[in-house]
1. For residue 39, list the lysines whose Cα falls under 19 Å from its own Cα; do not include residues on the same chain fewer than 8 positions away.
2. With r defined as the distance between the Cβ atoms of residue 122 and residue 43 and R0 fixed at 41 Å, what FRET efficiency is calculated, to the nearest 0.05?
3. With the crude spin-label approximation of a point 7 Å out along Cα→Cβ, what separation in nm comes out for residue 167 versus residue 58?
4. Rounding to the nearest 20 debye, state how big the charge dipole of the chain is about its Cα centre with +1 on each Lys and Arg Cβ and -1 on each Asp and Glu Cβ.
5. Regarding the stretch 108-157, what whole-number volume in Å³ per residue does the convex hull of its Cα atoms give?
6. To the nearest 0.05, what FRET efficiency results for residue 10 and residue 51 with a Förster distance of 22 Å applied to their C-beta separation?
7. On a full-extension model of 0.36 nm per residue, what is the gain between residue 154 and residue 17, subtracting their alpha-carbon distance, rounded to one decimal in nm?
8. With all pairs of different alpha carbon atoms counted, what Kirkwood hydrodynamic radius in Å does the chain show?
Amino acid sequence: MQLYALCDQTLLDERGVELEEFVHIAVSKGATMLQYRHKSADIAEIKSRLITLRALYDGYLIVNDHYELVSYCDGVHIGQEDLREIDADPKRAVTVMRSIIGSDKILGLSTHSAEEIEISNTLDVNYIGLGAYRDTATKQVGVVLGDRLDVLAKRSLHPVAAIGGVRLDDRFEHVRYLVIARGLLED
C-alpha cells in the first residue's frame, strides 16, 4: 500500500505545523501522493498554498474540490456532493469535470457505499476514496465502514484509497492507498 498524505490546512493550523514541516513528514514516511484541503480559505489562498506545495513536493499533488486550480497540480479530488453540484447525473458530471481538467489530470472521487462504488465503476475517474474507515476529527463522517471497507473495496474497478481515520499500520487486501492526515503528525 502507498501513503496518500492529506494536507488539511485546518489541522495544520490547529497543531501549529507549517506546510514545509508537513511535506517533510509526509516524504519521510514515503508519501507518493499529497492532497491539499482547505475548506475555509478563498481561492487565492489555496492557489498560493498549491504553488508553495509544488515547490516543496515533487510527487503527485492533488487539490481538494477546487478543480479551477488544477493547472497548479496533478489533479483534483471531489466528493459526492461536489459531483451533484455539477450535474445530478454522475456520468454527465464527470464528463463536465473531465472537459475542465483534461484527460491528463488525476480525478479522484469519494465513495461511501456499494451503490456509489458501482456508479463510480462506470465513470472516468482515476481512483476512489472509500470510507470512512473509522470516525475522524478532520471531517464530519456520515458512515463508518470499519472492516466492511476492504470488502467493498474489492468491488471497485478503480484503485481504492482508504479514507477517514486511517492509520499508518492499517492493512487492507483490496486498497492501494492509505489516506492519512492526523496520523502523520502523531508519533
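1. 47, 139
2. Rounded to the nearest 0.05, the efficiency is 0.85.
3. 3.4
4. My answer is approximately 320 debye.
5. Convex hull of Cα atoms, per residue: 68 Å³.
6. Plugging the Cβ-Cβ distance into 1/(1 + (r/R0)^6) gives 0.65.
7. Details: separation 137, 0.36 × 137 = 49.32 nm, distance 3.58 nm.
Stretched fully, the residue 154-residue 17 segment lengthens by 45.7 nm.
8. Kirkwood radius, the chain: 16.5 Å.
All of the numbers you see were taken from the coordinates with simple rules; none came from a lab. Quick caveat, the model's predicted, so the values are computed rather than measured. Neighbour counts are summed over all protein chains in view; Cβ atoms, including those assigned to glycine, are modelled from backbone coordinates with ideal geometry.
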